[in-house]
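Visitor: Take this structure, written in C-alpha cells, and hold onto it; I'll ask about it next.
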Amino acid sequence: MTGMIDFTHLYAKTHDGLFAFGQQFTTDSELLKDCIQDVFAKFYARRDTLCHSVKNIEHYLYISLRNRINDEHRRSARLTKQPVSELRLRRMAEAEEWRRENMEHQQLLADRVALCLDRLSPRQRQLMRLYYEEHLKYEDICRIMGLNYQCVRNLMCRSISSLREKVMSDEFADVGRQ
C-alpha cells in the first residue's frame, strides 16, 4: 500500500462495518467503541510502517479489532479472576444448539430440493442447472437450448412453480429423516 491515507474517509467508510463485526465478540458497545478508537489510533501512530507493509488496510483493521477485543476480554478476566458465568455458558450452549439445528434444517431442505429437482423434466433440470449452477444469462441459455427468449422465461417460471409445489408438498416431508 503506497500513498497517503485519508484517515477521516477510512474511518467513515469502515466504522459501521467494524462496529457490526465487533458485536460478534462483545455486547458492551462502549468497550467496542473504545477498541475501534484504539485500533485507529495505533494504526495512525504506525502509519508510515504499516502503509508499506499492509496490502489490505480494511482486512488489517478487522483483525486488529478482533485482537483488541480479545485482549480486553483477557485483561478483564485476569482482573476479575472469575470463571465464565453459568448464564454465559448456557447462552453459548443454546447458540451452538440453534446453529446445529439450523444446519440440520438446511441439509434437510437441500435434500428435499435435490429430490424434487430430480422429478422435473430433463429440459427443466437443464435450464435450472444452466441458470443456477453455471450462472448463465437467459440469452446464453437460449443459444444452448435452442429456444427463444420467451420460451426460456416461460420454462423457468413453470420450473420454479413446479419445484416450489413439490418442495412444499407432504410427499417429500420425511426426506432425510429415514
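The values are calculated or read from the model by the stated rules, or taken from the named source; none is laboratory data. This one's a predicted model, so the numbers in the text were calculated from it and none came from an experiment. Backbone-built Cβ (ideal geometry, glycine too); neighbour counts: all protein chains shown.
Visitor: Anything in the stretch 50-70 that is over 20 Å from Asp34 (Cβ atoms) and among the basic types (Lys, Arg)? List them, or say none.
Guide: Lys55 - this is the single residue of the stretch 50-70 that is over 20 Å from Asp34 (Cβ atoms) and among the basic types (Lys, Arg).
Visitor: For the stretch 1-48, which positions are among the acidic types (Asp, Glu) and either surrounded by 10 or more Cβ atoms within 10 Å (Cβ to Cβ) or in contact (Cβ under 8 Å) with a residue 60 or more places away in the chain (or both)?
Guide: Scanning the stretch 1-48 gives Asp6, Asp28, Asp34, Asp38.
Visitor: One residue is enough: does the stretch 100-121 have a residue meeting the conditions without any contact (Cβ under 8 Å) to a residue 24 or more places away in the chain, more than 24 Å from the chain's Cα centre (by Cα) and within 23 Å of Ser161 (Cβ to Cβ)?
Guide: Within the stretch 100-121, one or more residues are without any contact (Cβ under 8 Å) to a residue 24 or more places away in the chain, more than 24 Å from the chain's Cα centre (by Cα) and within 23 Å of Ser161 (Cβ to Cβ).
Visitor: Go through the stretch 127-171 residue by residue and tally those that are farther than 19 Å from Leu117 by Cβ and either acidic (Asp, Glu) or not assigned by TED's automatic domain parsing to the domain that holds Ala110 (or both).
Guide: So the count comes out to 2.
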